[in-house]
Amino acid sequence: MKRTDKESFVTDFQERVKASPVLFLTDFSGLGVKSMTILRQSLREAGADYLVVKNRLMMRALQEMDLEVPDLSEHLTGPTAVVIAREGPVEPAKALTDFAKAHGDRPVFKVGVLDLKIVEASQFERLSKLPNREQLLAELAGALQSPVAMLAMVLEAKLQETAGLLDALRTKKAEDA
């Protein structure tokens, strides 16, 4: 790779990392070109990119950044690829986990960075088991709607009770008169 290519790669990589809330490092050894293409496609559908990066270039890019990204140098050994999520962490984690299950536990998750904090393998597994964003929003809307719906039901019941009492009072007055 020429020096200018390396510099442009570092700049592009830094911009992607700054724009992304999530960064996962994986060991992709054992995956063929066809598998890598399928993985890239599934991650793209999940809102992420999968980049094979030279460890030295990634270290340089992360060290030059203004962000306080945790030190990942101990994880930058061997073949390394990076998942850079454009949106949330759940969908790419699910896509990566599902692909690994279907392809002999490859790629292997090394470490992740979520909101400038390290994500270990156990946290990554829990993250991949969370419902997707749309489902979480639907559950939140349901949880917020439930008390309001209950209040409306109670108020409607009291209104019907009051209407029944007024009707009974009107009937009684009509009988008395």
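Some points to look at:
- Taking 28 Å as the straight-line reach from the Cα of residue 18, the lysines in range (excluding those fewer than 8 positions away in the same chain) are 2, 6, 54, 94, 110, 117, 129.
- Residues with amide H under 5 Å from that of residue 110, placed H, sequence gap 5 or more: 25, 26, 27
- Stretchable slack from residue 5 to residue 69, in nm (0.36 nm times residue separation minus alpha-carbon distance): 20.7 nm
- Between 0 and 90°, nearest 10: helix 33-45 axis offset from the chain longest Cα axis: 30 degrees
- Seen against the Cα atoms of the chain and their longest principal axis, helix 90-102 is set at about 60 degrees.
- Angle between the chain longest axis and helix 3-19 axis [Cα atoms, degrees, rounded to 10]: 20 degrees
- Among [x] 16.1, 51; [y] 27.6, 105; [z] 18.8, 57, the entry derived from the coordinates for Rg and Dmax of the Cα atoms in Å: [y]
- Computed from backbone phi with θ = phi - 60° and the Karplus coefficients 6.51, -1.76 and 1.60, the 3J(HN,Hα) list for region 119-135 is 10, 7, 4, 5, 5, 5, 4, 5, 4, 6, 8, 5, x, 5, 4, 4, 5 Hz; x is used for glycine and proline.
- Under 20 Å from the Cα of residue 34 - aspartates and glutamates, other chains or at least 8 residues apart: 45, 49, 98, 105
- Note on region 3-130: with charges restricted to the Cβ of Lys and Arg (+1) and Asp and Glu (-1), its dipole about the Cα centre is near 400 debye.
Throughout, read-outs are computed from the coordinates displayed, never taken from laboratory work. Please read all numbers here as calculations on a predicted model, not as lab measurements. Note that each Cβ is placed from the backbone with ideal geometry, even for glycine, and that neighbours are counted across all protein chains shown.
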